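Worksheet: one structure, shown below.
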Amino acid sequence: MSNDPPPWCDTSMKLTLPNVHSFQLPDPSWEWVSPRWLIDMTLDVDEDGWQYATKFSSASWHGRHSAAKSFVRRRRWLRLRRRYTPQPVCAGDRDADAKDDR
């Protein structure tokens, strides 16, 4: 339907990514913490992570499917990331490495 959001969108219903497999980190200073994408099960969701409502712009989403009140559904995917921080090299480590290279 013309009022439906794209399949992958943010909370403002704007297109974000074509699919989870092609999502890129913002820049090289970031790294993935979790090895794969996970379905968010922390909200009021059903056993598969779906929430239901009468329309996508609804403020009232619930995890129980009801034929009379559930015309649309959504599911949130998560993957943890963090900024990569290189560990400083200790002077003692550098000296040990130099001795090993001789």
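The values are calculated or read from the model by the stated rules, or taken from the named source; none is laboratory data. Remember, predicted model here, so these are calculated numbers, not experimental data. Every residue, glycine as well, gets a Cβ built from its backbone with ideal geometry; the counts of neighbours run over all protein chains shown. For accessibility, only protein heavy atoms count, side chains too; no ligands or nucleic acids. Shrake-Rupley method; radii C 1.70, N 1.55, O 1.52, S 1.80 Å.
The table below gives the values:
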item: Of all residues in the range 1-41 being of a type in the set (D, E, K, R) and over 12 Å from the mean Cα position of the chain (by Cα), the one that is nearest to Tyr84 (Cα to Cα); result: Glu31
item: Residue ID - modelled with the highest pLDDT, chosen from residues in the range 43-102 that are of a type in the set (A, V, I, L, M, F, W, C) and part of a helix (DSSP H, G or I); result: Ala91
item: Selection count where residues are within 14 Å of the chain's Cα centre (by Cα) and either farther than 20 Å from Val20 by Cβ or open to solvent by 100 Å² or more (accessible area, probe 1.4 Å) (or both), scope the range 42-73; result: 1
